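Worksheet: the structure to be examined is printed underneath.
Every number in this text was worked out from the coordinates using simple rules, so none of it is lab data. Keep in mind the model is a prediction, meaning the values are calculated, not measured. All Cβ positions, even for glycine, are placed from backbone atoms using ideal geometry, and neighbour counts span all protein chains on display.
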Amino acid sequence: RVFDLETTGVNTEEDRIVQFGTATFRNGALLRIEDTLVNPCMPIPMDASNVHGIYDSDVADAPTFGLIGDTVAQTVTQSDEQVLCGYNAISFDVPLLNAEFERHCYSARINPDRVLDPLVWLQYHRRNWPSRRLVVAADRLDCPLVDAHRASADAEATGHIVHRMIEQGLIPDDVEEALEVQ
């Protein structure tokens, strides 16, 4: 399962989630994508809205994280059968989501050591690229990315990127080996 967040900003301890998206893959095939808008209980800064296109009016009637935290926790629960992936997830999405869990008194936490992050691999294997932003990586690896900065679209593109990198031998196809090397 691949997940992505759209947020009120880039401070992993202070900013809040405004959209939680997932893409579920099996053997490289997309099975399902889902998006959930989240009311962050604070104004969304215009700089953030200009990036993801989500405004205060879009989330005014959306559930707060406190109301959907259980569902999010179940979605990102890591198991031996399910690999959790995210683009720049180790540095951004995991700490921000864990901060939301803590802020709302949920016991769930994501272990960043168990999250496959293709950006980590691109920083090593494609360090000569002038940019490794998701939209650039998707383009360079010939992976679809429609509606960039919609959480489920970014999650879907990330899943395709991971699959392509496995095909190209940039990421080991054995999950445990990939996580260990990462």
Would you grab the residues whose amide H sits under 5 Å from the one on PHE25? Only those 5+ places off in sequence or on another chain, please, with H modelled 1.01 Å from N.
VAL2, LEU31
Nearest 10 degrees, 0 to 90: helix 94-103 Cα axis against the chain principal axis:
30
Listed by chain and number, the residues whose amide H is under 5 Å from that of VAL83, excluding neighbours fewer than 5 places away on the same chain and using placed H, are none
Collect residues whose amide H, placed 1.01 Å from N in the peptide plane, falls under 5 Å from the amide H of ARG16; neighbours closer than 5 in sequence don't count.
THR8, GLY9
Sorted from largest down, what three extents in whole angstroms do the Cα atoms of segment 1-72 have along their principal axes?
40, 25, 24
Residue-wise HN-Hα coupling along segment 160-173, computed from phi with Karplus coefficients 6.51, -1.76, 1.60 (Hz; x: Gly, Pro):
5, 4, 4, 4, 5, 5, 5, 4, 7, x, 7, 10, x, 7
The chain - share of DSSP beta bridges that are antiparallel (%, nearest 5):
80
Only Lys, Arg (+1) and Asp, Glu (-1) charged, at Cβ; the chain dipole about Cα centre in debye
360
Relative to the first principal axis of the alpha-carbon coordinates of the chain, what is the inclination of helix 65-76, with its axis defined by its Cα atoms, in degrees from 0 to 90 and to the nearest 10?
20
Farthest positive-ward along the chain dipole, Cα basis, beta-carbon charges - from TYR55, ILE171, PRO43
ILE171
For the pair TYR124 and VAL175, the simple spin-label estimate (label points 7 Å beyond Cα toward Cβ) gives in nm 1.9
Give the Debye-formula value of log10 I(q)/I(0) at each listed q (0.14, 0.17, 0.22 Å⁻¹), with one equal scatterer per alpha carbon of segment 26-135, two decimals each.
-0.74, -1.05, -1.37
Compute the distribution of all C-alpha to C-alpha distances in segment 36-91, in bins of 5 Å from 0, and list the percent of pairs in each, rounded to whole numbers.
4, 16, 19, 18, 21, 13, 6, 2, 0
